Amino acid sequence: MKFELAGAPHQPPAASVGGVMRQVLYALVPAVAAHVWFFGYGILFQIALAVGFAVAFEAIMLKLRDRPIGLFLSDWSAVVTGVLFALCMPPLAPWWIAAVGMLFAIVIAKQLYGGLGYNLFNPAMVGFAAVIIAFPLELSQWLLPRSLSPGLPGLLETAQAVFTGRLPATLDWDSVTGATPLDQLRTGVRENLLVTEVRSAPIFGDFGGRGWEWIANFYALGGIYLLWKRVISWHVPVAVIATTVMISMPLWLFGPDTNPSPAQHIFSGALVLAAFFIATDPVSGCSTSKGKLVFGAGVAILTLVIRRWGGYPDGVAFAVLLMNMGAPLIDRLTRPRTYGH
């Protein structure tokens with residue numbers, strides 16, 4: 001009898017990298033649809049630009065490194081990086097912001113470290129941190145949500161604004177330079193206004209920013225889908241959200257006039273996006289169960305610290321990058337003991 005010989009692994013993996021990445025993209029669809037409803041078509045242009053530049057930079061670097069282009073592009077990791085980066089961009093951000101962000105994300109943070117599986121830092125967050133430091137003015141030009149806007153731009157008007165920098169006739173600069181809820185809250189507290197006074201502004205909704213709170217809900221819905229499909233584990237999302245509540249709840253109960261509520265922290269900004277889609281990165285995050293809990297708690301603590309005392313209204317990207325630096329040490333300290341040792 002003849003037996004076929006083959007090298008390890010002898011059992012195929014249950015899920016391929018490409019399959020996992022596609023599940024992440026499916027999970028983001030409801031939040032992208034909500035983003036379009038509340039802030040117009042700009043997010044679709046940002047996604048197309050970021051994904052296009054990400055794939056182009058990935059192909060160029062693979063060619064320069066003499067690696068098989070088709071094999072690595074088919075893992076969809078560059079597409080996921082582009083989409084996560086785009087979800088952090090203002091809808092009418094100029095096209096070259098995506099080019100610069102993907103240059104840092106794909107070329108510097110990913111390919112120069114050896115490609116997927118070898119990057120120390122989350123590529124999407126490296127790209128976002130680079131552009132928010134270099135171009136703070138362009139990154140502050142957010143549209144008002146649909147219910148507060150005089151008129152969201154259509155497809156052609158959005159394309160005109162993104163590629164030429166000229167605003168549509170239905171918009172003025174006051175419509176695209178309004179502070180985000182987190183920025184307005186931080187500025188108001190620093191000017192000794194009460195939280196209740198700041199939250200009386202129409203940009204705030206029931207428990208977060210108007211429009212933002214619903215987008216965060218859809219991020220959470222996508223995250224639950226990833227949990228159900230076992231693409232991610234519960235450790236990081238639970239640690240991020242539970243730590244945010246445990247820290248902000250006592251401060252809010254004892255000083256509600258000077259401290260935002262836990263719901264305000266969770267449903268404004270990118271905290272829910274980070275909890276389910278960014279901090280769960282299996283490459284740049286932790287791999288042990290205890291390490292994931294520590295990693296998620298660290299992301300929440302650093303985010304709250306940066307929001308309170310930092311120079312940026314939402315510190316999620318910097319919190320994730322700082323925890324990426326400590327992930328190898330956290331994994332070493334939380335490694336399960338081998339039986340008998």
The chain: most fluctuating residue of 330, 247, 232 per GNM, C-alpha cutoff 10 Å
247
Relative contact order computed over the chain (Cα-Cα under 8 Å; 6+ residues apart), in percent:
17
Given a 10 angstrom Cα cut-off, can you work out which residue in 71, 322, 226 is the most mobile in a GNM of the chain?
71
Take the chain, mark every one of the trypsin sites (Lys or Arg not before Pro) that falls in a DSSP loop and has at most 13 other Cβ within 10 Å, then report the longest stretch left between them, sites excluded.
231-336
Taking alpha-carbon centroids only, the range 244-297 lies from the range 115-144 a number of Å equal to 19
Area of residue 287 that stays accessible when all protein chains are in place (1.4 Å probe, Å², to 10)
80
Sequence neighbours fewer than 8 away in the same chain don't count; with that in mind, list the aspartates and glutamates whose C-alpha is under 17 Å from residue 110.
58, 66, 75, 281
How much of the accessible area of the chain, in percent, comes from carbon and sulfur atoms when a 1.4 Å probe is used?
67
Taking mean projected area of the Cα convex hull in nm² straight from the coordinates, which label in (i) 23.0; (ii) 19.9; (iii) 21.6 is the correct one?
(iii)
Tell me, what is the per residue accessible area of the range 137-275 in Å², probe radius 1.4 Å?
49
Between residue 338 and residue 59, 0.36 nm times their residue separation minus their Cα-Cα distance comes to what?
96.2 nm
Using DSSP H assignments, which helices in the chain have an axial alpha-carbon span of 27 Å or above and a mean Kyte-Doolittle hydropathy of 0.5 or higher?
17-39, 42-64, 235-254, 289-309
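The values are calculated or read from the model by the stated rules, or taken from the named source; none is laboratory data. Quantities reported herein were computed from a predicted structural model and do not represent experimental measurements. We place every Cβ from the backbone using ideal geometry, glycine too, and count neighbours over all the protein chains shown. Surface accessibility is based on the protein's heavy atoms, side chains included, excluding ligands, DNA and RNA. Shrake-Rupley method; radii C 1.70, N 1.55, O 1.52, S 1.80 Å.
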